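Undergrad: The structure under discussion is supplied below as structure tokens; questions concerning it will follow.
The values are calculated or read from the model by the stated rules, or taken from the named source; none is laboratory data. Quantities reported herein were computed from a predicted structural model and do not represent experimental measurements. Please note: Cβ atoms are built from the backbone with ideal geometry, for glycine as well, and neighbour counts cover all protein chains shown.
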Amino acid sequence: MKNKYQNQIVTNLVFILIAFLFISMVSAQHEVSLKVSKVAVKMKNPYPADQYSFERGRHSYQIDCVRCHGKSGNGDGTNSEKVQQVVSDLGSDAIQKQTDGELFWKISEARRPMPLTEITDDQRWDIVNFIRAFKKK
Ligand code: HEC
């Protein structure tokens, strides 16, 4: 009798331990991803928002972004109707209030349907500078 109870207790303990390990793994992962984005928010744009960066950004934007986000960034590009989601208005407060780092990170992560383009980090920072021009006055 005693043995049977002991076995049950051991089984229960093992089960609790596994559940505990699983939960802590999941929450550790969550913390890691939060940390990444906090770092991203604070990333500094290595390029001053000057005319040169702006022109480079405009060039990349024409190639990779204009077809959805449109000439004035309001989301009316020629391909905007082919994607299911509403294409974000890049001049909106929701976008413009984000830090350069945040926008850089989002362009890099490129949540679907945004394409994972082969643009370099430098080009992404220039695009961020360019996007600032869409801010509504
Ligand atoms: C195939 C169409 C498409 C292309 C090309 C595209 N986007 Fe987007 N973009 C979208 C859609 C749709 C959303 C809104 C849906 C979402 O955020 O998941 C969006 C959202 C965004 C956001 C807002 C993210 C947020 O929610 O804060 C930014 C910034 C952005 N795009 C920048 C860019 C830049 C820069 C490029 C070029 C490198 C680009 N996009 C290319 C379709 C596109």
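Residues are listed down the side, and each one gets a yes or a no for (1) within 15 Å of the chain's Cα centre (by Cα); (2) farther than 18 Å from Phe54 by Cα; (3) not assigned by TED's automatic domain parsing to the domain that holds Asp122:
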| position | (1), (2), (3) |
| --- | --- |
| Cys65 | no, no, no |
| Gly73 | no, no, no |
| Asp76 | no, yes, no |
| Glu81 | no, yes, no |
| Gln85 | no, yes, no |
| Asp89 | no, yes, no |
| Asp93 | no, yes, no |
| Ser108 | yes, yes, no |
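Undergrad: Another one. Restrict the check to region 35-53 and report whether at least one residue is at pLDDT 90 or above and within 8 Å of the ligand (Cβ to nearest atom).
TA: no
Undergrad: Taking the conditions exactly as written (touching a helix residue (DSSP H, G or I) at 6+ places or on another chain (Cβ under 8 Å) and within 10 Å of the ligand (Cβ to nearest atom)), does Ile119 satisfy them or not?
TA: yes
Undergrad: Let me ask something else about it. Restricting to region 70-90, name every residue that is more than 6 Å from the ligand (Cβ to nearest atom) and hydroxyl-bearing (Ser, Thr, Tyr).
TA: Ser72, Thr78, Ser80
Undergrad: Which residues, counting only those in region 91-104, are closer than 18 Å to Val41 by Cβ, crowded, with 19+ Cβ neighbours inside 10 Å and more than 6 Å from the ligand (Cβ to nearest atom)?
TA: Asp100, Gly101, Phe104
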